[in-house]
Amino acid sequence: MTDGIEDIYFRPILNYPYARWFSEGQFNGKLMTENVRSQMVSIIDEHVAEFSHSFPKIINILNHVKEKQDEFHIMYQTVISVMVFVAQTMTDSMVISKYFVLADKDYDKRFMRGKMAVILNEGFKKLYGFETSSKSKSEWGKLKSVLHYFPEEINLQYHELTSLLEKHSTSSSWWRNDRNVETHLDCGKLYMSRNTELVEGKVMLDFLMLFDALNAVDHFLDNMHSCIHNTLTEQYLNGELKE
């Protein structure tokens, strides 16, 4: 029971300033320099490598908890499945923004902007939603069903983030029209959409609206996971768990 006891630790529950991820950035009109472009691609590559490296581990955990249908594992599965969605969507949005930045042909860049609009709209719709009827089925809505397992601190953070996500959901159309023409391949409307003014810096600010919202949720999920870790650690130290 005491073997390796020094390696057992509790994780802190952090009080993140979530509002900082929802502040509205203003485009300053500056063009992206090659140096800025290169730095951005390098940062994206680093983060994508980090996220993709963690996918096998988190998928293995998800597959493991799916095999058990007791109350604890159903709760844990809910949290882990949302973590998978957030990690996958953050990674996909980073990759598509990278190739938007790298595109050096006008049509290529306009094409990539259109595909970014699809991820922006679909990503936020699945994360939180736009219509009241769909919000309970969103990834964020799923977490509400397991909040009673968590301490007041987590519940308060959830409600704070809900308020921020709700405000975000009504801040714009979230590229709904662009998403529709890109997805349904409405050629006439697609041509018009692709040929609207393209401002590279503004497009990247649009991308950050989704990425930052996902980032805020990702940090909240870390706190939820820390609570689960701490509960299991306490049970182990009390001799309630054998492993």
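FYI, it's all coordinate maths here, none of it is from the lab. Since this is a predicted model, take the numbers as computed values, not measurements. Every residue, glycine among them, receives a Cβ derived from its backbone with ideal geometry; neighbour counts consider all protein chains shown.
The table for this structure:
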quantity: Burial ranking of peptide ranges 133-141, 117-125 (average Cβ count within 10 Å, highest at the top); calculated: 117-125, 133-141
quantity: Amide H contacts of Gly25 (H built 1.01 Å from N, under 5 Å, at least 5 apart or other chain); calculated: none
quantity: Compactness relative to 2.2 N^0.38 Å, alpha carbon Rg of the chain; calculated: 1.16
quantity: Inter-label distance for His148 and Thr233, nm, one decimal - labels placed 7 Å from Cα along Cα-to-Cβ; calculated: 2.8
quantity: Segments 70-79, 16-25 sorted - mean Cβ within 10 Å per residue, highest first; calculated: 70-79, 16-25
quantity: Simple label model, 7 Å out from Cα along Cβ direction - Asn215 to Leu156, nm; calculated: 2.5
quantity: Relative frequency of Cα-Cα separations exceeding 22 Å in segment 43-148, percent; calculated: 46
quantity: At 0.692 mPa s and 37 °C, Stokes D of segment 1-80 from Kirkwood alpha-carbon radius, µm² per second; calculated: 184
quantity: Per-residue ³J(HN,Hα) for segment 183-197, Karplus 6.51 cos²θ - 1.76 cosθ + 1.60, θ = phi - 60°, Hz, x for Gly and Pro; calculated: 6, 8, 6, 6, 4, x, 5, 5, 4, 5, 5, 5, 9, 6, 3
quantity: Projected label distance in nm at His64 and Tyr9, using a 7 Å step from Cα toward the beta-carbon; calculated: 2.0
quantity: Within segment 77-107: backbone nitrogen closer than 19 Å to the Glu46 label point (7 Å, Cα to C-beta); calculated: 90-99, 101-102
quantity: Cβ charges +1 (Lys, Arg) and -1 (Asp, Glu), total dipole of segment 5-106, debye; calculated: 200
quantity: Separation of alpha-carbon centers, segment 7-71 and segment 141-166, rounded to whole Å; calculated: 19
quantity: Degrees separating the helix 34-66 axis from the principal Cα axis of the chain, which is the longest one; calculated: 40
quantity: Charge tally in the Cβ shell below 14 Å around Met192, where Lys, Arg are +1 and Asp, Glu are -1, Met192 excluded; calculated: 0
quantity: Positive-end residue of Phe150, Ile228, Asn195, charge dipole of the chain with Cβ unit charges; calculated: Asn195
quantity: For the chain, calculated [θ]222 nm from helices alone, where every DSSP H run of n ≥ 4 adds -39500 (n - 2.57); calculated: -24000 deg cm²/dmol
quantity: Efficiency of FRET between Leu190 and Arg37 - r from beta-carbon atoms, R0 25 angstrom, step 0.05; calculated: 0.40
quantity: Nonlocal amide H pairs with Arg11, under 5 Å, H built at 1.01 Å; calculated: Asn230
